[in-house]
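Below: one structure, written as structure tokens.
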Amino acid sequence: VRRQRQMCIRDRNTSYLSLVARLNYQIHPKWNLFVKGMYETASVYKANGPYESGKYRTAWGYQGGVEFYPMGDDNLHLFMTGTGRAYSLTEKAKAFDVFAENTGRLSIGFVYKIPLF
């Protein structure tokens with residue numbers, strides 16, 4: 001979340017809720033599929049200066065992809081992953097000139113672990 005004006009909320013009056021779920025499914029010994037989801041809220045539970053109590057932001061995150069392990073071990077794997085995040089701001093948050101930027105990307109690459117010992 002980008003801020004046009006700095007917001008300062010004292011930690012003792014805020015609450016955050018985060019839930020994360022992940023699912024892996026190996027369709028073949030060399031192929032793996034996965035999905036991951038996230039839900040998060042940010043709230044003020046006690047009025048604090050200019051901040052009213054209540055929810056200010058909700059965020060959703062998602063990730064999904066496929067992995068390929070061409071060798072028999074885990075030293076090398078190729079992957080393609082899609083990742084995104086979406087925000088929903090309440091009117092309370094918008095009153096502070098805060099705006100949210102939804103993001104998304106596609107990543108393709110490889111990971112190689114060099115066996116040293």
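The values are calculated or read from the model by the stated rules, or taken from the named source; none is laboratory data. Small disclaimer: the values here were computed from a predicted structure and weren't measured. When we count neighbours, we look across all protein chains shown, and the Cβ atoms used for this are built from the backbone with ideal geometry, even at glycine. For the accessible areas, the whole protein counts, side chains as well, though only heavy atoms, and no ligand, DNA or RNA atoms are used. Shrake-Rupley method; radii C 1.70, N 1.55, O 1.52, S 1.80 Å.
In percent, what relative contact order does the chain have, based on Cα pairs under 8 Å that are 6 or more apart in sequence?
Once divided by the residue count of the chain, the mean separation gives 24 percent.
Order 22-33, 84-95 from most to least packed using the mean count of other Cβ atoms within 10 Å.
84-95, 22-33
Sum up the lysine pairs in the chain that clear both bars: alpha-carbon distance under 29 Å and a spacing of 8 or more or different chains.
Lysine pairs meeting both conditions in the chain amount to 9.
Beyond 25 Å, what share of the Cα-Cα pairs of the chain is found? Please give it as a whole percent.
Value for the chain (Cα pairs over 25 Å): 44 percent.
I want the local charge near Leu78. Using Cβ-Cβ distances under 15 Å, sum +1 for each Lys or Arg and -1 for each Asp or Glu among the other residues.
Here the count lands on -1.
Where does the charge balance sit around Tyr25 when Lys and Arg score +1, Asp and Glu -1, over other residues with C-beta under 13 Å from its C-beta?
Surrounding charge for Tyr25 is +1.
For the range 20-65, with every protein chain kept in place, what is the accessible area per residue (1.4 Å probe, Å²)?
64 Å²
Just name one of Gln63, Leu78, Thr41: the one whose Cα is farthest towards the positive end of the charge dipole of the range 5-101 (beta-carbon charges, Lys/Arg +1, Asp/Glu -1).
My answer, from the dipole projection, is Thr41.
When the helices in the chain are scored as -39500 (n - 2.57) per DSSP H run of 4 or longer and the sum is shared across all residues, what 222 nm value do you end up with, to the nearest 500 deg cm²/dmol?
Mean residue ellipticity at 222 nm (helix-derived): -500 deg cm²/dmol.
Could you check how much of the accessible area of the range 23-97 is carbon and sulfur, as a whole percent, using a 1.4 Å probe?
58 percent
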